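**Student:** I have a structure I would like to understand better, so I am pasting it below and will then ask my questions one at a time.
The values are calculated or read from the model by the stated rules, or taken from the named source; none is laboratory data. Treat the numbers as computed from the prediction; the structure is a model and nothing was measured. Positions of Cβ are generated from backbone atoms using ideal geometry, with glycine treated the same way; all protein chains shown enter the neighbour counts.
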Amino acid sequence: MSSPTVRPALGPATKAVIPVAGMGTRFLPATKSVPKELLPVVDRPALQYIVEEAARAGLPEVLMVTGRNKAAIEDHFDRYPELETALEKKGDVDRLAAVNESTDIAQVHFVRQGEAKGLGHAVLQAAAFVGDAPFAVLLGDDLIDARDHLLEQMLAVQAEHGGSVIALLDVGLENIDKYGAVAVEPREQTGGDGDVVVTVTGLVEKPPADEAPSSLAIIGRYVLAPEIFAVLRETAPGRGGEIQLTDALATLVERGEPVHGVVFSGRRYDTGDRLDYLKAVVRLASERDDLGPPMRAFLREFVAGLPAEGASPS
Ligand code: UTP
């Protein structure tokens, strides 16, 4: 193992990268022409919640890594003067505000991945935008509840300790083969929301349960040191023939660079997964001020009328 590079403090992360160039195969056929990141969660695209989260965490400059079939994403975060004028003429101020919200939350830039060669390859496309500073990565289909403050905690850990920080969730060994898994050492520290901070000592992408180092899975939030770019350039395609961010992080750990984990205990939805997507829509709708009361009334009635498990629905 080579010794870690000693370098001056780089200052806190100020930029966010959101990779959205994946093919969304788990949600076909809906995602054949509609990017999965634009599927509506109640009344706004999943991706808009993620841009809002970045802005809330103090990262208003966002780069989206897009690909083919993703032009609608650029349109969503761009102005639409004809629509704005039409709503203005009608005096529909609420809808006008809703339309402008997506353009006002952040300064959104775009770069194309060209070919979907994996998450690591997508992150590498952000090198010029990021420069030599730590930066956040938020996956475009991973929704963290706005009441939880995962990214803020991760940014605070990075600002205090340097290195890279990844978000972890205990998904149970039975589910770990769908995720990147980590080996960790506990630490004394806890994050602001009571989430536990750990030292990551090893990472492996989608291991079978009997080879997994733990049931802690990597979820879609990272705060990365810029050293990751040099490592990604040298990272060969791994699992699934894709250039894996997990493999590049494993190399950082092997080289003795610090990688911290924040074990998240809040609410998270993988909107690229059909069941998780449905749960997100139901939960967020039932908690809204406007739609919540009728939605909760409907749910109570619906649940009361459900047949027992095993019986066929009428
Ligand atoms: P996923 O593996 O969840 O995305 O990647 P996917 O490949 O679109 O999904 P399925 O499994 O086929 O349904 C996590 C994130 O990384 C992005 C995706 O858009 C998603 O936000 N990604 C993945 C890229 O930007 N480029 C890639 O080459 C791969």
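**Student:** Kindly list, by first and then second residue, each pair from a residue in segment 153-174 that is closer than 21 Å to residue 215 by Cβ to a residue that is charged (D, E, K, R) and modelled with pLDDT of 95 or more, limited to pairs with Cβ atoms under 6 Å and residues at least 6 apart or on different chains.
**Tutor:** 167/221
**Student:** Another question, then. Here is a list of conditions, (1) of a type outside the set (A, V, I, L, M); (2) within 13 Å of the ligand (Cβ to nearest atom); (3) surrounded by fewer than 22 Cβ atoms within 10 Å (Cβ to Cβ); (4) not in a loop (DSSP other than H, G, I, E, B), and residue 89 meets all of them except one; can you say which number that is?
**Tutor:** So the condition that residue 89 fails would be (2).
Let's see how each residue does on (1) within 11 Å of the ligand (Cβ to nearest atom); (2) part of a helix (DSSP H, G or I); (3) touching a Ser or Thr at 6+ places or on another chain (Cβ under 7 Å); (4) more than 21 Å from residue 266 (Cβ to Cβ):
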site: 110; (1), (2), (3), (4): no, no, yes, yes
site: 137; (1), (2), (3), (4): yes, no, no, no
site: 148; (1), (2), (3), (4): no, no, no, no
site: 152; (1), (2), (3), (4): no, yes, no, no
site: 155; (1), (2), (3), (4): no, yes, no, no
site: 169; (1), (2), (3), (4): no, no, no, no
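Let's see how each residue does on (1) touching a strand residue (DSSP E or B) at 6+ places or on another chain (Cβ under 9 Å); (2) away from the ligand (no atom under 12 Å from the Cβ); (3) closer than 29 Å to residue 163 by Cβ; (4) not in a helix (DSSP H, G or I):
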| position | (1), (2), (3), (4) |
| --- | --- |
| 13 | yes, yes, yes, yes |
| 17 | yes, no, yes, yes |
| 22 | no, no, yes, yes |
| 34 | no, yes, no, yes |
| 49 | yes, yes, yes, no |
| 59 | yes, yes, yes, yes |
| 63 | yes, no, yes, yes |
| 69 | no, no, no, yes |
| 73 | yes, no, no, no |
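**Student:** Could I ask something else about it? Does residue 217 count as more than 26 Å from residue 128 (Cα to Cα) and either surrounded by 14 or more Cβ atoms within 10 Å (Cβ to Cβ) or of a type in the set (Gly, Ala, Ser) (or both)?
**Tutor:** yes
**Student:** Can you tell which of 56, 95 is touching a residue at least 40 places away in the same chain (Cβ under 8 Å) and out of contact with any Lys or Arg (no Cβ under 8 Å at 6 or more places or on another chain)?
**Tutor:** None of the others qualify; the one that does is 56.
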